[in-house]
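Presented below is the structure to which this report refers.
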Amino acid sequence: DGGITQSPKYLFRKEGQNVTLSCEQNLNHDAMYWYRQDPGQGLRLIYYSQIVNDFQKGDIAEGYSVSREKKESFPLTVTSAQKNPTAFYLCASTFLTGGDYGYTFGSGTRLTVV
Amino acid sequence: GNSVTQMEGPVTLSEEAFLTINCTYTATGYPSLFWYVQYPGEGLQLLLKATKADDKGSNKGFEATYRKETTSFHLEKGSVQVSDSAVYFCALSASSSNTGKLIFGQGTTLQVKP
């Protein structure tokens with residue numbers, strides 16, 4: 001079955017450490033997105049990519065980095081420059097042509113600073 | 001700019017009650033409109049969508065009608081169940097954008113009591 005997979009489900013980061021969240025899709029979607037969700041709040045866009053080897057900053061890109069070396073993969077690195085990284089991270093993807101499909105979301109990664 | 005406004009929650013209902021969650025939007029052109037649902041600890045799932053004025057999206061007993069004259073896309077269900085307890089997000093996809101980006105509302109928490 002096609003879908004979008006995020007791993008790990010839970011991740012713990014020590015102070016000053018970089019961590020990478022994985023996002024893989026087998027839907028042949030063109031665009032991929034990373035969102036951050038804090039408790040009781042909505043979604044905030046971190047980065048997005050419409051095509052391989054290209055990506056754009058969202059609303060809260062500081063302290064994060066991404067790459068898009070393959071169409072299927074869009075990993076997110078939370079760097080030590082992100083001072084408050086504890087949150088729920090969601091990855092999503094969609095087609096860019098043929099109509100408005102909306103997003104398919106992954107099941108999320110919960111990151112906690114210890 | 002484009003934006004989505006949802007009624008604040010939490011909304012607390014008894015089982016079998018009628019549900020309405022209000023959503024209004026601001027956008028140029030003719031956006032597509034979506035409702036997503038998020039169960040605790042999970043990613044978002046597409047609930048329904050409408051891509052043009054007067055379209056009605058429906059799924060699992062939920063309905064929403066795209067009203068261009070009132071710029072609204074209110075979510076309704078005739079008889080809620082405990083299993084409908086979740087957070088509901090309204091979103092739009094701007095027709096003028098080719099990024100595929102969705103603009104999300106803040107989410108509305110629904111609690112259904114037996």
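The values are calculated or read from the model by the stated rules, or taken from the named source; none is laboratory data. On a predicted model such as this, the values are computed, not experimentally measured, just so you know. Because the Cβ atoms are built from the backbone with ideal geometry, glycine has one as well, and the counts that use them run over all protein chains shown. Please note that ligands, DNA and RNA were not included when accessible areas were found on the heavy atoms of the full protein model with its side chains. Shrake-Rupley method; radii C 1.70, N 1.55, O 1.52, S 1.80 Å.
If the condition is being more than 15 Å from B:Phe18 (Cα to Cα) and open to solvent by 10 Å² or more (accessible area, probe 1.4 Å), then the stretch B:62-85 contributes B:Thr65, B:Arg67, B:Lys68, B:Glu69, B:Thr70, B:Thr71. Once the stretch A:76-104 is narrowed to residues that are over 11 Å from the mean Cα position of the chain (by Cα) and among the β-branched types (Val, Ile, Thr), the residue that is nearest to the other protein chains (Cβ to nearest Cβ) is A:Thr94. Candidates B:Gly100, B:Gly78: the one that is over 15 Å from B:Val11 (Cβ atoms) and within 14 Å of chain A (Cβ to nearest Cβ) is B:Gly100. Whenever a residue of the stretch B:27-47 is within 10 Å of chain A (Cβ to nearest Cβ) and without any contact (Cβ under 8 Å) to a residue 40 or more places away in the chain, its partners that are among the aliphatic types (A, V, I, L, M) and open to solvent by less than 20 Å² (accessible area, probe 1.4 Å), lying with C-beta atoms within less than 6 angstrom and at least six residues away or across chains, give the pairs B:Gly43/A:Leu90; B:Gln45/B:Val37. Only one of the numbered conditions (1) at the interface with another protein chain (Cβ under 10 Å from one of its Cβ atoms); (2) touching a Pro at 6+ places or on another chain (Cβ under 9 Å); (3) without any contact (Cβ under 8 Å) to a residue 60 or more places away in the chain is not met by B:Ser85, and that is (1). Do we find a residue being at pLDDT below 95, β-branched (Val, Ile, Thr) and open to solvent by less than 30 Å² (accessible area, probe 1.4 Å) anywhere in the stretch A:87-94? The answer is yes; a qualifying residue exists. If you go through the stretch B:20-35 and keep only what is surrounded by fewer than 22 Cβ atoms within 10 Å (Cβ to Cβ) and not in a strand (DSSP E or B), you end up with B:Asn22, B:Ala27, B:Thr28, B:Gly29, B:Tyr30. Take the residues in the stretch A:25-51 that are over 13 Å from B:Phe104 (Cβ atoms) and of a type in the set (S, T, N, Q); name whichever of them is nearest to the other protein chains (Cβ to nearest Cβ). So, considering only residues that are over 13 Å from B:Phe104 (Cβ atoms) and of a type in the set (S, T, N, Q), the one nearest to the other protein chains (Cβ to nearest Cβ) is A:Gln50. Each residue in the stretch A:6-50 was checked for being closer than 26 Å to B:Trp35 by Cα and open to solvent by 80 Å² or more (accessible area, probe 1.4 Å), and 7 of them qualify. Scanning the stretch B:44-66 for residues that are assigned to a loop (DSSP other than H, G, I, E, B) and either under 29 Å from A:Asp30 (Cα atoms) or among the charged types (D, E, K, R) (or both) yields B:Thr51, B:Lys52, B:Ala53, B:Asp54, B:Asp55, B:Lys60, B:Tyr66.
Just one of the listed residues (A:Ser107, A:Ser65, A:Ser22, A:Ser73) is within 11 Å of another protein chain (Cβ to nearest Cβ) and either more than 22 Å from B:Leu92 (Cβ to Cβ) or in contact with a Pro (Cβ under 6 Å, 6 or more places away or on another chain) (or both), namely A:Ser107.
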